[in-house]
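One structure is given here, and the rest of the page talks about it.
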Amino acid sequence: MTEANWIDHFISFLEELERSKSRGALAMLRRGLGKPPGTTPEMYRYIVPWTSGLSRWREDACYVVAALFAWHPQPGGSGNLGNSFASLARQVQQDQGAKKIPEALEGRFTALLNSRQEDLPGYLRQAVSLLKSKEVPLDWRQLLKDYLAWGREDRRVQRDWARAFWRQSAVTENIEEGGVQK
């Protein structure tokens, strides 16, 4: 099975837990929030079948993403986490009548982009908490793909997230200021 197929099947499994209202299973997965990946025995029943032959990093990614999904399983997300944060920024701007991205939100997003691989679970928990508070959905398949590629030397994931976040907000700010987007 290719990695893309494996990711799709794993996220489909999590989505089916939500669709079928498997509250017990989702509660067990949520128990992993804030704990080191793979240290919550209640999660094993749901995660171990998906991790046979995976590297430790990939296995940990399953635990982290499953716990986050169980906490915020809202469907409908598309794009990467930068797109989700851009949606959040637009929502906050509308709520506050602001023209620019609030500095606190931008700071949180920048801290996430700066996070080291070993600190990523904690930063993602904070990010998903913020998105959940405003009911902004995530693309869980893309998040798992990005999680797995986080440590790349070229920082492709971080640059893609930044591009999605600031490009969308720059267009909005430029239009509001009467400028022309290049």
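The values are calculated or read from the model by the stated rules, or taken from the named source; none is laboratory data. These numbers come from a predicted model, not from an experiment. Every residue, glycine as well, gets a Cβ built from its backbone with ideal geometry; the counts of neighbours run over all protein chains shown.
Only one of these is assigned to a helix (DSSP H, G or I), surrounded by 13 or more Cβ atoms within 10 Å (Cβ to Cβ), of a type outside the set (D, E) and at pLDDT 95 or above: Q168, Q142. Name it. Even if it seems obvious, please write down each step before you answer.
On the way: Q168 fails: at pLDDT 95 or above.
Being assigned to a helix (DSSP H, G or I), surrounded by 13 or more Cβ atoms within 10 Å (Cβ to Cβ), of a type outside the set (D, E) and at pLDDT 95 or above holds for just one of Q168, Q142, which is Q142.
Report, ordered by the first and then the second residue, all pairs with beta carbons closer than 7 Å, sequence separation of six or more or different chains, a first member in segment 141-169 that is under 14 Å from L113 (Cβ atoms), and a second member that is of a type in the set (F, W, Y).
What qualifies is V157/W150; F165/F85; F165/F109.
Checking the structure you have, find out if any residue of segment 56-70 is surrounded by fewer than 15 Cβ atoms within 10 Å (Cβ to Cβ) and closer than 16 Å to P36 by Cα. I'd like the intermediate steps shown before the answer.
First, pick out the residues of segment 56-70 that are surrounded by fewer than 15 Cβ atoms within 10 Å (Cβ to Cβ): 56-57.
When the remaining residues are screened for being closer than 16 Å to P36 by Cα, the result is 56-57.
The answer is yes; a qualifying residue exists.
Which numbered condition trips up H72, out of (1) in contact with a His (Cβ under 8 Å, 6 or more places away or on another chain); (2) modelled with pLDDT of 95 or more?
With (1) in contact with a His (Cβ under 8 Å, 6 or more places away or on another chain); (2) modelled with pLDDT of 95 or more applied to H72, the lone miss is (1).
If a residue must be over 12 Å from the mean Cα position of the chain (by Cα) and either assigned to a helix (DSSP H, G or I) or outside the structural domain of A104 (by TED's automatic domain parsing) (or both), how many such residues does segment 115-139 contain?
4
Among the residues of segment 7-45, write down those that are among the aliphatic types (A, V, I, L, M) and in a loop (DSSP other than H, G, I, E, B).
Hit for segment 7-45 is L33, nothing else.
Would you check if there is a residue in segment 72-89 being assigned to a loop (DSSP other than H, G, I, E, B) and within 21 Å of T51 (Cβ to Cβ)?
For segment 72-89, residues assigned to a loop (DSSP other than H, G, I, E, B) and within 21 Å of T51 (Cβ to Cβ): present.
Evaluate the following for V48: is it closer than 30 Å to K21 by Cβ and more than 15 Å from the chain's Cα centre (by Cα)? Spell out the reasoning first.
Values: closer than 30 Å to K21 by Cβ: yes; more than 15 Å from the chain's Cα centre (by Cα): yes.
For V48, the condition - closer than 30 Å to K21 by Cβ and more than 15 Å from the chain's Cα centre (by Cα) - is met.
If P49 meets every condition in (1) touching a Ser or Thr at 6+ places or on another chain (Cβ under 7 Å); (2) over 23 Å from L120 (Cβ atoms) apart from one, which number is that one?
Unmet condition: (1).
For M43, indicate whether it is touching an Asp or Glu at 6+ places or on another chain (Cβ under 7 Å), within 28 Å of A4 (Cβ to Cβ) and not polar (S, T, N, Q).
No; evaluated as a whole, the condition is false for this residue.
Report whether or not S84 is surrounded by 15 or more Cβ atoms within 10 Å (Cβ to Cβ), under 19 Å from L148 (Cα atoms), at pLDDT 95 or above and among the polar types (S, T, N, Q). Break it down into steps so the answer makes sense when it comes.
Values: surrounded by 15 or more Cβ atoms within 10 Å (Cβ to Cβ): yes; under 19 Å from L148 (Cα atoms): yes; at pLDDT 95 or above: yes; among the polar types (S, T, N, Q): yes.
Against the criterion (surrounded by 15 or more Cβ atoms within 10 Å (Cβ to Cβ), under 19 Å from L148 (Cα atoms), at pLDDT 95 or above and among the polar types (S, T, N, Q)), S84 qualifies.
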